[in-house]
1. Might you check whether a residue that is part of a helix (DSSP H, G or I), under 24 Å from G4 (Cβ atoms), polar (S, T, N, Q) and touching a residue at least 24 places away in the same chain (Cβ under 8 Å) occurs anywhere in segment 65-77?
2. Could you grab me the full set of residues in segment 8-25 that are touching a helix residue (DSSP H, G or I) at 6+ places or on another chain (Cβ under 8 Å) and either farther than 14 Å from P186 by Cβ or surrounded by fewer than 20 Cβ atoms within 10 Å (Cβ to Cβ) (or both)?
3. I'm trying to understand the selection: among the residues of segment 35-64, which are buried (at least 17 other Cβ atoms within 10 Å of the Cβ), more than 21 Å from K5 (Cα to Cα), touching a residue at least 24 places away in the same chain (Cβ under 8 Å) and among the charged types (D, E, K, R)?
4. Got a number for residues in segment 1-52 being of a type in the set (K, R), closer than 14 Å to I90 by Cβ and part of a helix (DSSP H, G or I)?
5. Here are some residues: K17, K55. Which one is of a type in the set (D, E, K, R) and more than 14 Å from the chain's Cα centre (by Cα)?
6. Any chance you could count how many residues in segment 169-213 are closer than 30 Å to P63 by Cα and touching a helix residue (DSSP H, G or I) at 6+ places or on another chain (Cβ under 6 Å)?
7. Might you check whether a residue that is closer than 25 Å to R173 by Cα and polar (S, T, N, Q) occurs anywhere in segment 79-95?
8. Looking only at segment 174-204, filter to residues that are surrounded by 20 or more Cβ atoms within 10 Å (Cβ to Cβ) and touching an Asp or Glu at 6+ places or on another chain (Cβ under 9 Å); which one of those is nearest to D114 (Cα to Cα)?
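The values are calculated or read from the model by the stated rules, or taken from the named source; none is laboratory data. Here the structure is a predicted model, which means the values were calculated and not measured. Here the Cβ positions follow ideal geometry from the backbone for every residue, glycine too, while neighbour counts run over all protein chains shown.
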Amino acid sequence: MKLGKYIVIEGHDGTGKSTQVGILRQKLLENGIESIEFHEPAGNPIADVIRTILKNGDLDRDPMTDVLLFSAARCDIWKNLALPALDSGIWVVAARNYYSTQAYQGYGSGLKLDAIESITRISTDERYIKPDYAFILDLDDEKERAKRINNRGKLENPDTFESRPEDFQDRVRQGYLEIAKDRNIPIISANKPVKNISDEIWSYIEPDITNNR
(Lines give C-alpha, C1' and ligand atoms only; values in the text may rest on other atoms or scores of the structure.)
Protein backbone atom coordinates (compact mmCIF):
# COMPACT_ATOMS: atom_id res chain seq x y z
CA MET A 1 0.00 0.00 0.00
CA LYS A 2 1.31 3.43 -0.95
CA LEU A 3 1.68 5.94 1.84
CA GLY A 4 -0.51 9.01 1.78
CA LYS A 5 0.88 12.46 1.03
CA TYR A 6 1.06 15.30 3.55
CA ILE A 7 0.12 18.70 2.09
CA VAL A 8 0.28 22.02 3.94
CA ILE A 9 -1.41 25.24 2.86
CA GLU A 10 0.01 28.11 4.88
CA GLY A 11 -0.19 31.87 5.14
CA HIS A 12 -1.28 34.87 7.12
CA ASP A 13 -4.81 35.12 8.55
CA GLY A 14 -7.28 36.06 5.83
CA THR A 15 -5.38 34.57 2.89
CA GLY A 16 -7.96 31.87 2.16
CA LYS A 17 -6.24 28.73 3.42
CA SER A 18 -9.41 26.91 4.48
CA THR A 19 -11.07 27.62 1.14
CA GLN A 20 -8.11 26.16 -0.72
CA VAL A 21 -7.98 23.09 1.53
CA GLY A 22 -11.59 22.33 0.64
CA ILE A 23 -11.06 22.83 -3.10
CA LEU A 24 -7.93 20.69 -3.10
CA ARG A 25 -9.66 17.84 -1.30
CA GLN A 26 -12.44 17.91 -3.89
CA LYS A 27 -9.86 17.70 -6.69
CA LEU A 28 -8.19 14.76 -4.96
CA LEU A 29 -11.55 13.02 -4.60
CA GLU A 30 -12.24 13.50 -8.30
CA ASN A 31 -8.96 11.70 -8.94
CA GLY A 32 -9.87 8.78 -6.69
CA ILE A 33 -7.75 9.89 -3.72
CA GLU A 34 -9.17 9.77 -0.22
CA SER A 35 -8.10 12.56 2.11
CA ILE A 36 -8.70 14.12 5.51
CA GLU A 37 -8.14 17.68 6.65
CA PHE A 38 -7.36 19.55 9.81
CA HIS A 39 -6.77 23.17 10.65
CA GLU A 40 -4.01 23.56 13.23
CA PRO A 41 -4.34 23.82 16.15
CA ALA A 42 -7.76 22.15 15.81
CA GLY A 43 -8.53 18.64 14.63
CA ASN A 44 -9.44 16.37 17.52
CA PRO A 45 -10.87 16.81 21.05
CA ILE A 46 -7.62 17.63 22.89
CA ALA A 47 -6.39 20.01 20.19
CA ASP A 48 -9.80 21.69 20.05
CA VAL A 49 -9.65 22.47 23.78
CA ILE A 50 -6.13 23.88 23.41
CA ARG A 51 -7.33 26.00 20.50
CA THR A 52 -9.90 27.77 22.71
CA ILE A 53 -7.04 28.96 24.91
CA LEU A 54 -4.82 30.00 22.01
CA LYS A 55 -7.59 31.97 20.29
CA ASN A 56 -8.65 33.82 23.44
CA GLY A 57 -7.12 37.29 23.33
CA ASP A 58 -8.31 38.01 26.88
CA LEU A 59 -5.63 35.65 28.21
CA ASP A 60 -2.25 37.32 28.54
CA ARG A 61 0.41 34.76 27.60
CA ASP A 62 4.13 34.69 26.97
CA PRO A 63 5.01 33.75 23.35
CA MET A 64 6.82 30.61 24.59
CA THR A 65 3.63 29.51 26.30
CA ASP A 66 1.94 29.74 22.92
CA VAL A 67 4.71 27.67 21.32
CA LEU A 68 4.26 24.94 23.92
CA LEU A 69 0.47 24.99 23.57
CA PHE A 70 0.67 24.81 19.77
CA SER A 71 3.19 21.99 20.06
CA ALA A 72 0.96 20.02 22.43
CA ALA A 73 -1.97 20.31 20.01
CA ARG A 74 0.32 19.49 17.10
CA CYS A 75 1.65 16.38 18.81
CA ASP A 76 -1.83 15.05 19.49
CA ILE A 77 -3.16 15.75 15.99
CA TRP A 78 -0.11 14.37 14.23
CA LYS A 79 0.24 11.15 16.16
CA ASN A 80 -3.44 10.31 16.56
CA LEU A 81 -4.98 11.66 13.36
CA ALA A 82 -2.45 12.36 10.62
CA LEU A 83 0.03 9.49 10.90
CA PRO A 84 -2.58 6.69 10.97
CA ALA A 85 -4.19 8.22 7.88
CA LEU A 86 -0.91 8.59 6.00
CA ASP A 87 0.17 5.06 6.87
CA SER A 88 -3.10 3.72 5.48
CA GLY A 89 -2.69 5.56 2.18
CA ILE A 90 -4.97 8.49 2.94
CA TRP A 91 -3.71 11.96 2.05
CA VAL A 92 -3.64 14.67 4.73
CA VAL A 93 -4.37 18.27 3.76
CA ALA A 94 -3.65 20.75 6.55
CA ALA A 95 -4.27 24.45 6.93
CA ARG A 96 -1.12 25.50 8.80
CA ASN A 97 1.73 23.63 10.39
CA TYR A 98 4.72 24.77 12.44
CA TYR A 99 5.56 27.40 9.82
CA SER A 100 2.79 29.43 11.49
CA THR A 101 4.52 29.19 14.85
CA GLN A 102 7.78 30.35 13.31
CA ALA A 103 5.98 33.24 11.58
CA TYR A 104 3.90 34.41 14.57
CA GLN A 105 5.95 33.51 17.63
CA GLY A 106 9.31 33.66 15.84
CA TYR A 107 9.28 36.56 13.40
CA GLY A 108 6.26 38.24 15.01
CA SER A 109 7.15 37.95 18.70
CA GLY A 110 10.92 37.52 18.57
CA LEU A 111 11.48 33.95 19.72
CA LYS A 112 14.43 32.06 18.23
CA LEU A 113 13.48 30.01 15.19
CA ASP A 114 15.80 27.14 16.05
CA ALA A 115 14.15 26.80 19.47
CA ILE A 116 10.72 26.56 17.82
CA GLU A 117 11.98 23.93 15.39
CA SER A 118 13.61 21.89 18.17
CA ILE A 119 10.38 21.82 20.18
CA THR A 120 8.48 20.86 17.03
CA ARG A 121 10.83 17.97 16.30
CA ILE A 122 10.34 16.65 19.82
CA SER A 123 6.56 16.96 19.43
CA THR A 124 6.28 15.41 15.96
CA ASP A 125 8.79 13.84 13.55
CA GLU A 126 10.74 14.44 10.35
CA ARG A 127 7.74 13.62 8.20
CA TYR A 128 5.84 16.48 9.78
CA ILE A 129 8.79 18.86 9.53
CA LYS A 130 9.08 18.27 5.78
CA PRO A 131 5.66 17.98 4.10
CA ASP A 132 5.38 16.35 0.69
CA TYR A 133 3.94 19.62 -0.59
CA ALA A 134 3.72 23.04 1.02
CA PHE A 135 2.34 26.33 -0.26
CA ILE A 136 2.32 29.79 1.29
CA LEU A 137 -0.51 32.13 0.35
CA ASP A 138 0.52 35.79 0.45
CA LEU A 139 -1.75 38.83 0.55
CA ASP A 140 0.11 42.12 0.29
CA ASP A 141 -2.98 44.31 0.82
CA GLU A 142 -3.48 44.79 4.57
CA LYS A 143 -6.88 46.46 4.12
CA GLU A 144 -8.15 43.53 2.07
CA ARG A 145 -6.80 41.07 4.62
CA ALA A 146 -8.56 42.93 7.46
CA LYS A 147 -11.78 43.06 5.43
CA ARG A 148 -11.74 39.28 4.91
CA ILE A 149 -11.19 38.69 8.63
CA ASN A 150 -14.01 41.09 9.58
CA ASN A 151 -16.36 39.26 7.21
CA ARG A 152 -16.09 36.19 9.43
CA GLY A 153 -18.26 37.95 12.02
CA LYS A 154 -17.75 39.16 15.56
CA LEU A 155 -15.86 36.89 17.97
CA GLU A 156 -16.93 36.29 21.56
CA ASN A 157 -13.37 37.09 22.66
CA PRO A 158 -10.75 39.14 20.82
CA ASP A 159 -8.56 36.89 18.71
CA THR A 160 -5.04 36.53 20.11
CA PHE A 161 -3.27 37.10 16.81
CA GLU A 162 -5.71 38.70 14.36
CA SER A 163 -6.17 41.68 16.70
CA ARG A 164 -2.45 42.43 17.07
CA PRO A 165 -1.25 45.79 15.65
CA GLU A 166 -0.14 46.36 12.08
CA ASP A 167 3.60 46.27 12.81
CA PHE A 168 3.17 42.75 14.23
CA GLN A 169 1.19 41.70 11.15
CA ASP A 170 3.92 43.11 8.90
CA ARG A 171 6.56 41.04 10.70
CA VAL A 172 4.42 37.93 10.36
CA ARG A 173 3.94 38.46 6.63
CA GLN A 174 7.64 39.07 6.07
CA GLY A 175 8.34 36.01 8.20
CA TYR A 176 6.26 33.84 5.90
CA LEU A 177 8.17 35.17 2.89
CA GLU A 178 11.47 34.33 4.58
CA ILE A 179 10.23 30.85 5.49
CA ALA A 180 9.22 30.26 1.87
CA LYS A 181 12.62 31.43 0.64
CA ASP A 182 14.57 29.33 3.14
CA ARG A 183 12.61 26.14 2.38
CA ASN A 184 11.97 26.68 -1.33
CA ILE A 185 8.20 26.74 -0.77
CA PRO A 186 6.05 28.20 -3.58
CA ILE A 187 4.52 31.59 -2.73
CA ILE A 188 1.08 32.00 -4.26
CA SER A 189 -0.57 35.40 -4.43
CA ALA A 190 -3.85 35.45 -2.51
CA ASN A 191 -4.88 38.59 -4.40
CA LYS A 192 -5.97 36.42 -7.34
CA PRO A 193 -9.40 34.84 -7.86
CA VAL A 194 -9.99 31.69 -5.82
CA LYS A 195 -9.99 29.45 -8.91
CA ASN A 196 -6.68 30.82 -10.13
CA ILE A 197 -5.12 30.08 -6.76
CA SER A 198 -6.49 26.53 -6.66
CA ASP A 199 -5.35 25.89 -10.23
CA GLU A 200 -1.82 27.01 -9.34
CA ILE A 201 -1.73 24.72 -6.29
CA TRP A 202 -3.04 21.84 -8.38
CA SER A 203 -0.37 22.39 -11.03
CA TYR A 204 2.25 21.27 -8.50
CA ILE A 205 0.34 18.20 -7.33
CA GLU A 206 -1.30 16.84 -10.50
CA PRO A 207 1.95 15.56 -12.11
CA ASP A 208 2.62 13.39 -9.06
CA ILE A 209 -0.83 11.83 -9.35
CA THR A 210 -0.53 11.33 -13.11
CA ASN A 211 2.92 9.75 -12.89
CA ASN A 212 1.88 7.30 -10.16
CA ARG A 213 -1.26 5.92 -11.75
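1. yes
2. H12, D13, G14, G16, T19, I23
3. K55
4. 1
5. After applying the criteria, what remains is K55.
6. Residues meeting the conditions: 7.
7. The answer is no; no qualifying residue exists.
8. Of everything passing the filter in segment 174-204, I179 is nearest to D114 (Cα to Cα).
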